[in-house]
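Structure first, then comments.
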Amino acid sequence: MDDLLDVARLTSGKIELRSQSVDLHDLAAQCLEARARAGRATEHSLTLRGEAVYVHGDPTRLAQVVDNLVDNALKHTPRAGSVAIILERSGDQAVLRVRDSGIGIPAELVPHVFDLFTQAPQTLEPSRGVSGSGWRSSSDWSSCTGARSRPRAPGPERAASSR
């Protein structure tokens with residue numbers, strides 16, 4: 001909910017972005033370390049691969065994007081599953097991918113994952129606190145920093161990734 005309020009504040013001009021040079025690798029490492037210190041990653045394998053990749057952006061908001069993507073991956077990955085952050089360069093672009101071994105996204109849902117409150121049909125399994133706003137929030141923060149978010153999901157029961 002806080003992320004949605006922050007996005008509303010940003011779009012109404014109430015949050016000022018503070019852009020600077022940011023090493024995405026260091027930022028992602030800090031996000032994973034904070035998650036480990038808080039005990040929020042004990043049931044999954046979290047890895048960070050890649051190299052230092054520098055971008056110009058607001059480190060606080062970029063950290064929110066990474067944290068939202070990792071949170072989303074963890075929510076949909078069974079215990080003992082894996083979530084990886086992969087950083088690389090593609091020409092003059094920085095590429096940050098979050099890949100998981102989770103349940104995947106149905107192909108028909110992929111075009112709508114950035115719509116607010118979009119969710120896959122629910123099963124009889126207990127809810128994992130999913131609001132349907134994680135991808136949207138990440139997309140909003142990404143776009144305000146000049147980045148793009150793209151989901152990649154080969155379908156249900158197959159791992160999803162975001163870029």
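Rule-based calculations on the coordinates, nothing more; no lab input. Quick caveat, the model's predicted, so the values are computed rather than measured. Cβ placement follows ideal geometry from the backbone for every residue including glycine, while neighbour counts extend to all protein chains displayed.
So what J values fall out for segment 98-107 if you push phi through Karplus, 6.51 cos²θ - 1.76 cosθ + 1.60 with θ = phi - 60°, rounded to Hz, Gly and Pro as x?
Running phi through 6.51 cos²θ - 1.76 cosθ + 1.60 with θ = phi - 60° gives 10, 10, 9, 9, x, 6, x, 10, x, 3 Hz.
Convert each backbone phi in segment 53-68 into a coupling constant with the Karplus relation 6.51 cos²θ - 1.76 cosθ + 1.60 (shift: θ = phi - 60°), then list the ³J(HN,Hα) values in order as whole Hz, x for Gly and Pro.
Result, rounded to whole Hz: 10, 9, 9, 9, x, 7, x, 5, 6, 5, 5, 4, 4, 4, 4, 4.
For a quick protection proxy, order the peptides 40-53, 21-34, 58-71 by their average other-Cβ count within 10 Å, most packed first.
Averaged packing, sorted descending, gives the order 58-71, 21-34, 40-53.
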